[in-house]
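Taken together, the values in this text are just the output of simple stated rules run on the coordinates, not laboratory data. Note that the coordinates shown come from a computational prediction; the quantities given were computed from them, not determined experimentally. Cβ sites come from the backbone with ideal geometry, for glycine too, and all protein chains shown count toward neighbours.
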Amino acid sequence: MKKANKVRSAFNEVKEDWFKDLPLVDLRGLDENEKHEAILSTIRNCIEKVPLEITEENEEEFESRHNFMSTHQDGNESAIIITTYYPETSFAGVNIFYGMVPISRSHDVYEMINLLNLRSSIGRFCVYSDTGTIVLKAATIITQYFNVQELFLLIRHMLASGYKNIPLIKELLSTDQAPLSILEKHADTMREFMKVNPDLFENQK
């Protein structure tokens, strides 16, 4: 529990010097090609500042989107992060992929995910029906200006949310406990942990 919450605190931490290299990008007056390249370059810089390594990048012309793939691991938790720019609708989406759901426990996992989504303000968990993969999804709008700081914090907070909540789903799959009882038990544990370690949560007040 202590390690997990240190991870959460680190991802939610905000430092002013992170933002000095992520200024607001003015897209006014740029033609479509210039705008496209400016946004892609800014997203690359943002991902590397998270920090994540871009392991693959591709353009899907038929789907009209540009994908940046990264991976991240902390302890026993690993994730695939795909950040996607959609030029036609001017937004950047972030999908974080975790493990697959056993068909025999899918009903319980759906119930747990619904409960998690009611409590979460960062993205939404879902299960892709064709693969059974658990995904955390969120997006940010790009207007005449690109607020890349918003995308930066979105990715970091989504990673923190995943590392906090995916272990709860794993616990569900390894026991016969009901989703609500697991959430209530961990909520009690979290309250006790916060009382003992208030310094880890100062930035969340």
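Brief remarks follow.
- On Cα atoms only, tilt of 2-12 relative to the major axis of the chain in degrees: 20
- log₁₀ of I(q)/I(0) at q = 0.08, 0.14, 0.15 Å⁻¹ - the stretch 2-204, Debye sum with one point per alpha carbon: -0.31, -0.88, -0.99
- Here the scattering of the stretch 137-193 is modelled by Debye summation over its C-alpha atoms, one equal scatterer each and no solvent; at q = 0.19, 0.25 Å⁻¹ the log10 of I(q)/I(0) is -0.76, -0.99.
- Part-to-part distance (alpha-carbon centres) for the stretch 91-134 and the stretch 149-176, which is given in Å: 10
- The lysine pair count for the chain, using Cα distances under 13 Å and pairs eight or more places apart or on different chains, is 6.
- Taking the C-alpha atoms only, the angle from helix 106-119 to the longest principal axis of the chain is near 70 degrees.
- Value of relative contact order over the stretch 2-204, rounded to a whole percent, pairs C-alpha under 8 Å and six or more apart: 24
- Close amide H pairs (under 5 Å, H built 1.01 Å from N) link I142 with F91, A92, residues at least 5 positions away or on another chain.
- Ranked by the mean number of other Cβ atoms within 10 Å of their residues, highest first, the peptides 139-149, 96-106 fall in the order 139-149, 96-106.
- Karplus-derived 3J(HN,Hα), 6.51/-1.76/1.60, for each residue of the stretch 142-152, Hz, glycine and proline x: 10, 9, 5, 10, 10, 7, 5, 4, 5, 5, 4
- Kirkwood radius and radius of gyration were both taken over the C-alpha atoms of the stretch 29-82, and their ratio Rg/Rh is 1.07.
- Packing-based order for 158-171, 111-124, using average beta carbon neighbours within 10 Å, highest first: 158-171, 111-124
- Highest mean packing first, where packing is the average number of other Cβ atoms within 10 Å per residue, the peptides 20-29, 77-86 line up as 77-86, 20-29.
- Karplus 3J(HN,Hα) series, Hz, for the stretch 83-88 with 6.51 cos²θ - 1.76 cosθ + 1.60 (x for Gly, Pro): 9, 10, 9, 10, x, 5
- The long axis of helix 32-49 is offset from the longest Cα principal axis of the chain by roughly 40 degrees.
- Reduced Cα scattering model of the stretch 72-168, Debye log10 I(q)/I(0), q = 0.14, 0.18 Å⁻¹: -0.54, -0.85
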